[in-house]
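One structure below.
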Amino acid sequence: MAQYQTFPDAVGDSLTLDKLKALHLPELAGKAFLDVGCNEGFFCGFAHFQGAGRVLGIDQSAAFVERARKRFPGCEFREQDWSHLPDERFDVILLASALHYADDQPALIQALVERLTDDGVLVLELGIVSSRKAEWRRVKRGIDHRLFPSMPMLRQVLAGYAWKWMGPSVVQAGDPVPRHVVHVSRRRPVAYLLMQPPGYGKSSLASGLFPKAGVAVVSGDQALSLAAKGKAPAGAALKSLLDAHYSPYRIDAVVRRLFEQDMAGDLVALWLEGHEGEDVAIDAYVPAEHHGKIAQLLRARGYLPVHLDWQRSGPAPMPAARVAEQAEAFYLSLAAGEGAAPPPYRGPVAGHVDEIGMEDGRLSIRGWAIDEAGALPRVFSVRIGRRTLRIEAFERQLRPDVQRHLGLPHALVGYRLLVDEPGIASTAELDRHFQVVAGKSHVLVSGVPTHALGGGASR
Ligand SMILES: C[S@@+](CC[C@H](N)C(=O)[O-])C[C@H]1O[C@@H](n2cnc3c(N)ncnc32)[C@H](O)[C@@H]1O
């Protein structure tokens, strides 16, 4: 029997060490490796040397298999035709210098890809004839005639897979066809992710790009709106969250809640509804800290997540707190008159709680207050049960009614406090400890203010 592979003790026709270097194999430690047409087992031996967890070589030649077993007792070898491939999944499958022996070459590639794990790779080393046409060319070799594909033909054969030309393989004396190495994997559906914040032009970008390529665009806002109306299937937990909190004006708050309550999987399922297994572009704002989670969930569903990242064009809107601060400063400057100091306030420290209710699971307290300088205090304290919460960030509101009543130079004395207190789900749970304090010590309310529950009149 002719010697094909080359070992230190046996020089064969093939430059096996050079071929090994040309294959661009991934790291094999812990991997399951199959060599189809393994010959004397050189590549199986290398996989074992690298610490592969499972190494199997198959070859139709009993003589080669016997030699392989002797050389590499730590590997498994089977005398087997590739028309009966093992019923297992492998991380790496090698088919080197053997495809041309197959009666149906595309069918052998397909059968091998079917035996790959989801992330597995088929390393194909094959001869490719030089031609611009998509053709199989019959090539006369020393002992026989075999069919070799041109590159355009290989492209057609591999169109349904993800694949990459890795480079030329060894050049061997007398080779009639140049050899190449190609890595082939399952083609996974792609999820193009457009998750930038509002105002980045996600929807324009998505609609300008993907429909032309036949890729469906999923609008995250629309998917949530349909689920909230019961027009898209949503699990019980998602439905109840949407029933309680969905508002078309606060979709970002709803999305944040979904992540807080560990329901990102429900969100991904909602996006993929009706598109599972297809390429899809997802146009949905997701806070940056959750992008990794979304990619992980999509990968688990067999998708290749492709994250699109770009800079916004045009000036960004001011942050809400800065707008509020600037707008209020401007408004007070109007009351004072250009350059003039506001007239000193001589009235009492005063204020009132007009209304207490629940909003998005938070306690909302609305009213008005003025400090000794005639301005809205900068800080409020709210006592709920035994806890006192200090609130510095709150919405300031105009109260012309209070301005008129007290003869103030401006109307910026209204407040709306939003209090995050997870223990309180309804205003009925407030008790006698409840207290709202304006500034350092002006108590606006102490005990449950029944006049304000469910909307009270303002004074
Ligand atoms: C040219 S050698 C290549 C050997 C090895 N893959 C390498 O590159 O060093 C082709 C190998 O494929 C094996 N072979 C050919 N037809 C086969 C088939 N139908 N099933 C399994 N092995 C086959 C041969 O016995 C031979 O060992």
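Work through the residues other than residue 237 whose Cβ is under 15 Å from its Cβ and net out their charges, Lys, Arg +1 and Asp, Glu -1.
Once all neighbours under 15 Å are counted, the net charge is -2.
Show me the helices of the chain, taken as full DSSP H stretches, that run 18 Å or more along their long axis by Cα and average -1.0 or above in Kyte-Doolittle hydropathy. All intermediate terms of the calculation are to be shown ahead of the outcome.
Values: long enough: 320-336 (24 Å, 0.59).
TM-like helix candidates: 320-336.
Give the Kirkwood hydrodynamic radius (Å, one decimal) of the stretch 163-307, defined as one over the mean of 1/r across all pairs of different Cα atoms.
17.2 Å
Given H placed 1.01 Å from N in the peptide plane, which residues other than close sequence neighbours of residue 445 have an amide H under 5 Å from its amide H?
436
Let's see if you can work this out: charge +1 on each Lys and Arg Cβ, -1 on each Asp and Glu Cβ, no other charges. What is the dipole magnitude of the stretch 1-150 about its Cα centre, in debye to the nearest 20?
520 debye
Relative contact order for the chain: what is it in percent, counting Cα pairs under 8 Å that are at least 6 residues apart?
The normalised contact order for the chain reaches 9 percent.
Could you run the Karplus curve 6.51 cos²θ - 1.76 cosθ + 1.60 with θ = phi - 60° over the stretch 139-152 and give me ³J(HN,Hα) per residue in whole Hz, x for Gly and Pro?
Here the 3J(HN,Hα) series is 10, 7, 10, x, 10, 8, 10, 9, 8, 10, x, 7, 4, x Hz.
Per DSSP helix of 4 or more residues, -39500 (n - 2.57); summed, then divided by the residues of the chain. What does that give at 222 nm, rounded to the nearest 500?
Calculated mean residue ellipticity at 222 nm is -7500 deg cm²/dmol.
Measuring from label point to label point, each 7 Å out along Cα→Cβ, what is the residue 312 to residue 288 span in nm?
Distance between the two pseudo-spin positions: 1.2 nm.
At 0.36 nm per residue, minus the direct Cα-Cα distance, what do residue 253 and residue 453 gain on full extension? Give it in nm, one decimal, please.
Using 0.36 nm per residue and subtracting the Cα-Cα distance, I get 69.5 nm.
Are there cysteines in the chain with no other Cys C-beta under 4.7 Å, and if so, which?
Cys with no partner Cβ under 4.7 Å: 38.
What value does the stretch 229-362 have for Rg/Rh, both radii from Cα atoms and Rh as Kirkwood defines it? Please report the intermediate quantities before stating the final value.
Working: Rg = 22.8 Å, Rh = 19.6 Å.
So for the stretch 229-362, dividing Rg by the Kirkwood Rh gives 1.17.
Full extension from residue 24 to residue 54: what is 0.36 nm times the residue separation minus their Cα-Cα distance, to one decimal in nm?
Values: separation 30, 0.36 × 30 = 10.80 nm, distance 1.94 nm.
So the extension gain works out to 8.9 nm.
Around residue 350, which amide H atoms from residues at least 5 apart in sequence, or from another chain, sit under 5 Å from its own amide H, with H modelled in the peptide plane?
370
With 5 Å bins from zero, work out the P(r) of the stretch 359-459 over every alpha carbon pair and list the percent per bin.
Per 5 Å bin, starting at 0, the Cα pair percentages come out as 2, 12, 24, 25, 20, 10, 5, 1, 0.
For the pair residue 329/residue 144, report the inter-label distance in nm, with labels modelled 7 Å from Cα in the Cβ direction.
Simple spin-label model gives 8.5 nm for this pair.
Want the number for residue 443 to residue 321: 0.36 nm per residue separation, take away the alpha-carbon distance, what's left?
Difference between extended and current length: 41.3 nm.
Going by how many other Cβ atoms sit within 10 Å of their own, how do 14, 169, 240 line up, fewest first?
Taking fewest neighbouring Cβ atoms as first place, the list is 240, 14, 169.
Explain nothing, just compute: Karplus ³J(HN,Hα) = 6.51 cos²θ - 1.76 cosθ + 1.60, θ = phi - 60°, for every residue of the stretch 164-172 in order, whole Hz, x for Gly and Pro.
8, 6, 9, x, x, 9, 4, 9, 10
What distance in nm lies between label points placed 7 Å from Cα along the C-beta direction at residue 155 and residue 114?
The modelled label-to-label distance comes out at 2.8 nm.
Counting only residues 5 or more places away or on other chains, whose amide H sits under 5 Å from the amide H of residue 77 once H atoms are built in the peptide plane?
Placed amide hydrogens put 57 under 5 Å from residue 77.
Neighbour counts of other C-beta atoms within 10 Å: give me 362, 67, 132 arranged from fewest to most.
Working: 362 15, 67 21, 132 8.
Ranking 362, 67, 132 by Cβ neighbours within 10 Å, fewest first, gives 132, 362, 67.
Listing 18, 9, 283 from the residue with the fewest other Cβ atoms within 10 Å to the one with the most, what is the order?
So the residues, fewest neighbours to most, are 9, 18, 283.
How large are Rg and Dmax for the chain when only the alpha carbon atoms are used, in Å?
For the chain, the Cα radius of gyration and maximum Cα-Cα distance read 35.7, 113 Å.
The numbers here are math on the coordinates, done by the rules we state, and not lab data. Everything numeric in this text was worked out from a predicted model, so none of it was measured. Cβ coordinates were reconstructed from backbone atoms using ideal geometry, including for glycine residues, and neighbour counts include every protein chain displayed.
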